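The values are calculated or read from the model by the stated rules, or taken from the named source; none is laboratory data. This is a predicted model, so every value here is computed, not measured. Don't worry about glycine lacking a Cβ; one is built from the backbone with ideal geometry, like all the others, and counts go over all protein chains shown.
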Amino acid sequence: MKDDRTLTRGKVTGIVSNLVMVEVDGPVAQNEICYIQLGGTQLMSEVIKYANGKAYIQVFESTRGLKVGAEVIFTQAMLEVTLGPGILSKNYDGLQHDLDKMEGVFLKRGDYTEPLDENKLWEFIPLAKDGDIVEAGSWLGQVDENGQPHKIMVPFKFTGQYRVKTVVPQGNYKIIDPIAILINNAGEEIPVSMVQKWPVKVPIKTYREKPRPFKLLETGVRTIDTLNPIVEGGTGFIPGPFGSGKTVLQHAISKQAEADIVVVAACGERANEVVEIFTEFPELEDPRTGRKLMERTTIIANTSNMPVAAREASVYTAMTIAEYYRNMGLRVLLLADSTSRWAQALREMSNRMEELPGPDAFPMDLPAIIAGFYARAGFVYLKNGSTGSITFIGTVSPAGGNLKEPVTESTKKVGRCFYALSQQRADSKRYPAIDPIDSYSKYLEYPELQEYIVTRTDEHWIAKVSELKNILLRGKEAYEQMNILGDDGVPLDYHIRYWKSEIVDFVILQQDAFDKIDASTPIVRQKELVDKVLDICRSEFSFESFEEVNPYFKRLINAFKQMNYSEFHSEKYKKYESEISAIVAERKVANGN
Amino acid sequence: METRAFQKIYTKLTNITKATCTVEAENVGYEEIAIVAGRMAQVVKINGKSVTLQVFGGTENIPTNAEVIFTGKPPVLKVSDDLAGRFFNAYGKPIDGGPEVDGEEREIGGPSVNPVRRKQPSELIATGIAGIDLNNTLVTGQKIPFFADPDQPFNQVMAMVALRAKSDKIILGGMGLTMDDYLYFKNVFDNAGALDRIVSFVSTTEDPPVERLLIPDMALTAAEYFAVDKNEKVLVLLTDMTLYADALSIVSNRMDQIPSKDSMPGSLYSDLAKIYEKAVQFPTGGSITIIAVTTLSGGDITHAIPDNTGYITEGQLFLRRDSEIGKVIVDPFRSLSRLKQLVIGKKTREDHPQVMNTAVRLYADAANARTKLENGFDLSEYDERALKFAREYSERLLAIDVNIDTEKMLNVGWELFAKYFTPAEVGIKAELVNKYWPKEN
Ligand SMILES: Nc1ncnc2c1ncn2[C@@H]1O[C@H](COP(=O)(O)OP(=O)(O)OP(=O)(O)O)[C@@H](O)[C@H]1O
Ligand SMILES: [Mg+2]
């Protein structure tokens, strides 16, 4: 907070739930943060509208007991996050208060805890030298944060160029200790510490360029990696009715994806789901580094029972933290569950302000807000030539499971990967319930990705993927015919076609998120599996009658599933591999290739 | 509520609607309780001196010069061990003829538990009903509703579940209960000798609908007292949440809020979440489990009330009448307990997940066969067996009148597999088949 005397003050004149009207005695800015004085507690709030001499503020807390006349102090700052070493493995609320530092079982209004630990010592290694010319985002040094090279950067708020006067030598420092002195154009000396602040609603753009992303981001989820891959710096979204598996899928991705940093925004969903992360992540290992998953993860928890206005802030808090790490040249994965709850928070406020509503009473500018948010993700070249990325995947919870609703439609315009969860697949326990036919990855059409992906798989990979999709489509058509005409009303070939698509479904698409081995399939293993499955789908089989088809393919599927449950290339794996060959040999027509 | 000396009495109402009234007043706190012509009301909007109150008892017959007294307090409940065994109305006043309960005054609708102070639920709740214990296992700290059409016996099933669950306290929040259902609960609890561990807050169909808005918060404040202060395992029953949501929409419509889907307020999700998220497992052993009822109209789960509920709760239990066996069953397709994977096969026998999944899959095969039959196609021999299996599975496991322990449920499962199918058709892991497949004599 700046000098108290120059700050604008105001008095509460009206209250509707968490929307408060304030008469002010000076200038206020849109999105400025202010504090309502309620007894001994301060209620953090944000200006969301100004009209007729009144500021309309949304309060990030319950307004119970608040009275007309209460004093409000404006801060001249927007909602900001504190950036510095120590963010990883923290559990924050939507406004970046450290949940672990709060006292008591229940959340208390106005209990605003510090996001970072001021007394912790970090071993600082200088990267810049005296005389270097630097600018916002330039790396001055680094500390080791849970095994990650956490770069200490010139604060993003600095404009123009600076000359490094001094950088402290290698040694242990606290985050508030000055680690460098910079000189600006006017010749003034400016000390820099390891911590800085940044307003969450403003994108951090200290990179050189943002090209189209092209590098496959392995998630270990076969139906994503094989069929509709996402890329480092890509965007995707997962719409689906309740219970269709959005959260389980996101958790799987957060555990397995090839990322350096994972930021999870639990936005207006269940507290128990966050507890699951708190409980499991400190135990689970990141197979790539051998460290605990929690060490690379930060959780922003604004669960559904926490104040609604902070829900909107939570996704921005998460994004800003992600941008901070991206600027260190790291691969960040950002997950938000659920972006619909964020949109609903906007709707609640817009309703209270009696704004003219758009479709389904959502604010008119919802599409622009969503687009603006997704645009912050991406793959970047930093000014020093390194690369960094934010891959963003959000879930969407459409009302009544109907995808023709404003949040899904607005997201569809900006999310490049669409993972539609189908109620029907979820009902028949075909998990993950991503509909293979409706879903898409636009990245698959990027020549950049096509070129890259063959280096991780093989040169015919793209053709194989479309072959798989084709098999699924033809299988579906055959199934529809069988339903209309009856099992014996269609040619035998329809049955075979249908069951070939079932192999693709059961063996590649379906994956048990709760099995240690099946949960995550590395891309090399996916490649081998695709080849095996395609080999079968390309073969011809002979049957006497349609009644033989179903049991035969069921046996085959069963053997494949057992193989999926076995360690890659283990004895057990090989055993099922040969069992599969034996079953295939029973009916394969000799030269049917 | 007694009037205190300094309290100012206002007598000029400027606006009255069916559920709210507006009065010119000063120094009023948001969400404060006031008494309007003897009826309890709560501040829902303040604009300068103009204070809008939601009148829980309805505004019928309230004159523009009605006396309005502000209490200076949010709604409260007095909590102590004396709550046990008692029946209260929506305001926390006894309706059982007994004395008022003395105790510490607690705000209702208070703050939420810090997520990092929660523990992951892991304690199974056994109900004896296989449709629940086998297929949709419940866990302490869970929140789950019954989705049922109004003609289904959901209150009976809920009472049964409550009595069989080994909880320290059962807290009943009845909203728009018929007098008959209220008396039913009272009798069942009485006959089971369980009255001393029951606390009830009830608003019947005879009471004004807006009153219902107080019930969940009253019930959950009592629950928090027992779970936090006394480390007890508390089971909260909320019936019928659809009627609660209806009351929400009455108030929001009167306040000229723009309705979203199905004329429900735009804040429905947050409103319901605030209630359901009170379900919690504490590290100290105390827990709050919420079992609710959401009645559907014509089985439509896309309606805003069940839809928002489904997005909040940890699964749902569907009741359906199975015409084949003429009994109500817990529908295995549409029901789901999301926390079951925390306990099945861990707190129960190792074969639980596989037996559960396999039986449901075979039941699905039977459903397909039935569709074939309805479409006039011939059934295969496998289809015939699947149908027979489904019937017996429904009768012996899905029906809500089943009362056996989980081990027995699993054994019945294996018995039915062996009776109608071969191990290959069942497709369970070889190790388990070797161990549990019934040996011929
Ligand atoms: N990959 C999977 N493997 C096995 N079971 C799954 C899988 N995905 C989902 N499920 C089952 O479905 C349930 C619901 O999944 P999840 O919680 O992810 O749904 P959701 O789409 O996030 O729902 P909501 O919108 O209500 O949050 C899980 O508890 C689990 O039982
Ligand atoms: Mg979810």
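Yes or no: the range A:62-79 includes at least one residue that is of a type in the set (A, V, I, L, M, F, W, C) and touching a Lys or Arg at 6+ places or on another chain (Cβ under 6 Å).
yes
Quick one: is A:Val275 within 13 Å of chain B (Cβ to nearest Cβ) and free of Cβ contacts under 8 Å to residues at least 12 places away in the same chain? Spell out how you get there, then give the answer.
Numbers: within 13 Å of chain B (Cβ to nearest Cβ): yes; free of Cβ contacts under 8 Å to residues at least 12 places away in the same chain: yes.
Yes.
Can you tell me which condition A:Ile48 does not meet? The list is (1) touching a helix residue (DSSP H, G or I) at 6+ places or on another chain (Cβ under 8 Å); (2) within 13 Å of chain B (Cβ to nearest Cβ); (3) not in a loop (DSSP other than H, G, I, E, B), and all the others hold.
Only one criterion is unmet by A:Ile48, namely (2).
Within the set of pairs 6 or more residues apart or between chains, which connect a residue that is among the aromatic types (Phe, Trp, Tyr) inside the range A:388-411 to a residue that is more than 16 Å from ligand 1 (Cβ to nearest atom) with Cβ atoms less than 7 Å apart?
Matching pairs, first to second residue: A:Phe392/A:Thr235; A:Phe392/A:Leu334; A:Phe392/A:Tyr374; A:Phe392/A:Ala377.
Here's the yes/no breakdown for (1) more than 16 Å from ligand 1 (Cβ to nearest atom); (2) of a type in the set (Ser, Thr, Tyr); (3) within 11 Å of another protein chain (Cβ to nearest Cβ):
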site: B:Val343; (1), (2), (3): no, no, no
site: B:Lys347; (1), (2), (3): yes, no, no
site: B:Met356; (1), (2), (3): no, no, yes
site: B:Asp365; (1), (2), (3): yes, no, yes
site: B:Glu374; (1), (2), (3): yes, no, no
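Of (1) free of Cβ contacts under 8 Å to residues at least 60 places away in the same chain; (2) surrounded by 22 or more Cβ atoms within 10 Å (Cβ to Cβ), A:Ala336 satisfies all except one. Which?
Tallying (1) free of Cβ contacts under 8 Å to residues at least 60 places away in the same chain; (2) surrounded by 22 or more Cβ atoms within 10 Å (Cβ to Cβ), A:Ala336 fails exactly one: (1).
So for the range B:44-56 (the condition being of a type in the set (Gly, Ala, Ser), more than 28 Å from B:Ile198 (Cα to Cα), under 34 Å from the mean Cα position of the chain (by Cα) and surrounded by fewer than 16 Cβ atoms within 10 Å (Cβ to Cβ)), does at least one residue qualify? Let's see the steps before the verdict.
First, the residues of the range B:44-56 that are of a type in the set (Gly, Ala, Ser): B:48, B:50.
From what's left, more than 28 Å from B:Ile198 (Cα to Cα): B:48, B:50.
Going one step further and asking which of them are under 34 Å from the mean Cα position of the chain (by Cα), we end up with none.
Taking every residue of the range B:44-56 in turn, none turns out to be of a type in the set (Gly, Ala, Ser), more than 28 Å from B:Ile198 (Cα to Cα), under 34 Å from the mean Cα position of the chain (by Cα) and surrounded by fewer than 16 Cβ atoms within 10 Å (Cβ to Cβ).
For the range A:98-212, which fully contained strands (runs of 3 or more DSSP E) count at least 2 residues that are free of Cβ contacts under 8 Å to residues at least 60 places away in the same chain and touching a Ser or Thr at 6+ places or on another chain (Cβ under 7 Å)?
A:180-183
Do we find a residue being on the phi > 0 side of the Ramachandran plot, within 16 Å of ligand 2 (Cβ to nearest atom) and either out of contact with any Ser or Thr (no Cβ under 7 Å at 6 or more places or on another chain) or free of Cβ contacts under 8 Å to residues at least 24 places away in the same chain (or both) anywhere in the range A:242-250?
yes
Answer yes or no: is there a residue in the range A:229-241 that is of a type in the set (S, T, N, Q) and in contact with a strand residue (DSSP E or B) (Cβ under 8 Å, 6 or more places away or on another chain).
To start, the set of residues in the range A:229-241 that are of a type in the set (S, T, N, Q) comprises A:235.
Then keep just the ones that are in contact with a strand residue (DSSP E or B) (Cβ under 8 Å, 6 or more places away or on another chain); that gives A:235.
Taking every residue of the range A:229-241 in turn, at least one turns out to be of a type in the set (S, T, N, Q) and in contact with a strand residue (DSSP E or B) (Cβ under 8 Å, 6 or more places away or on another chain).
Name the residue, out of B:Lys186, B:Lys143, that is more than 22 Å from B:Val328 (Cβ to Cβ) and modelled with pLDDT under 95.
B:Lys186
In the range B:71-87, what residues are of a type in the set (Lys, Arg) and assigned to a loop (DSSP other than H, G, I, E, B)? Break it down into steps so the answer makes sense when it comes.
Step one: of the range B:71-87, the residues of a type in the set (Lys, Arg) are B:73, B:78, B:86.
Selection gives B:Lys73, B:Arg86.
So which residues in the range A:73-87 are farther than 25 Å from B:Ser112 by Cα and either within 14 Å of chain B (Cβ to nearest Cβ) or among the aliphatic types (A, V, I, L, M) (or both)?
A:Ile73, A:Ala77, A:Met78, A:Leu83 - these are the residues of the range A:73-87 that are farther than 25 Å from B:Ser112 by Cα and either within 14 Å of chain B (Cβ to nearest Cβ) or among the aliphatic types (A, V, I, L, M) (or both).
Return a yes/no flag: does the range B:121-129 have any residue that is touching an Asp or Glu at 6+ places or on another chain (Cβ under 8 Å), among the hydroxyl-bearing types (Ser, Thr, Tyr), farther than 30 Å from B:Gln354 by Cβ and not assigned by TED's automatic domain parsing to the domain that holds B:Asp240.
no
Within the set of pairs 6+ apart or on separate chains, which have a first residue in the range B:51-66 that is aromatic (Phe, Trp, Tyr), a second that is part of a loop (DSSP other than H, G, I, E, B), and C-beta atoms under 8 Å apart?
B:Phe56/B:Ala90; B:Phe56/B:Tyr91; B:Phe56/B:Pro208
For the range A:392-408, state whether one or more residues are basic (Lys, Arg) and more than 19 Å from A:Gly245 (Cβ to Cβ).
Looking for residues that are basic (Lys, Arg) and more than 19 Å from A:Gly245 (Cβ to Cβ), one finds at least one in the range A:392-408, hence yes.
Would you list the helices (runs of 4 or more DSSP H) that sit entirely within the range B:199-280 and hold 3 or more residues that are facing chain A (nearest Cβ under 9 Å), in contact with a helix residue (DSSP H, G or I) (Cβ under 9 Å, 6 or more places away or on another chain) and crowded, with 21+ Cβ neighbours inside 10 Å?
Where helices (runs of 4 or more DSSP H) fall fully within the range B:199-280 and carry at least 3 residues being facing chain A (nearest Cβ under 9 Å), in contact with a helix residue (DSSP H, G or I) (Cβ under 9 Å, 6 or more places away or on another chain) and crowded, with 21+ Cβ neighbours inside 10 Å, they are B:268-276.
Regarding the range A:241-261, can at least one residue be identified that is within 13 Å of chain B (Cβ to nearest Cβ), more than 10 Å from ligand 1 (Cβ to nearest atom) and part of a strand (DSSP E or B)?
no
Here are some conditions: (1) within 16 Å of ligand 2 (Cβ to nearest atom); (2) over 13 Å from the mean Cα position of the chain (by Cα). A:Glu285 meets all but one. Which one does it not meet?
(1)
For residues in the range A:265-297 being surrounded by fewer than 24 Cβ atoms within 10 Å (Cβ to Cβ) and under 17 Å from A:Ala322 (Cα atoms), which is farthest from ligand 1 (Cβ to nearest atom)?
The selected residue is A:Glu295.
Hey, can you tell me all the residues within the range A:230-240 that are away from ligand 1 (no atom under 15 Å from the Cβ) and within 12 Å of chain B (Cβ to nearest Cβ)?
none
Conditions: (1) loosely packed, with under 13 Cβ neighbours inside 10 Å; (2) within 14 Å of chain B (Cβ to nearest Cβ); (3) aliphatic (A, V, I, L, M). A:Ile133 meets all but one. Number of the miss?
(2)
Touching a strand residue (DSSP E or B) at 6+ places or on another chain (Cβ under 9 Å), away from every other protein chain (no Cβ under 11 Å) and among the β-branched types (Val, Ile, Thr) - does that describe any residue in the range B:41-57?
Yes: the range B:41-57 contains one or more residues that are touching a strand residue (DSSP E or B) at 6+ places or on another chain (Cβ under 9 Å), away from every other protein chain (no Cβ under 11 Å) and among the β-branched types (Val, Ile, Thr).
Does B:Pro332 fit the bill of being buried (at least 20 other Cβ atoms within 10 Å of the Cβ) and either under 20 Å from B:Ala386 (Cα atoms) or within 13 Å of another protein chain (Cβ to nearest Cβ) (or both)? Even if it seems obvious, please write down each step before you answer.
On the way: buried (at least 20 other Cβ atoms within 10 Å of the Cβ): yes; either under 20 Å from B:Ala386 (Cα atoms) or within 13 Å of another protein chain (Cβ to nearest Cβ) (or both): yes.
For B:Pro332, the condition - buried (at least 20 other Cβ atoms within 10 Å of the Cβ) and either under 20 Å from B:Ala386 (Cα atoms) or within 13 Å of another protein chain (Cβ to nearest Cβ) (or both) - is met.
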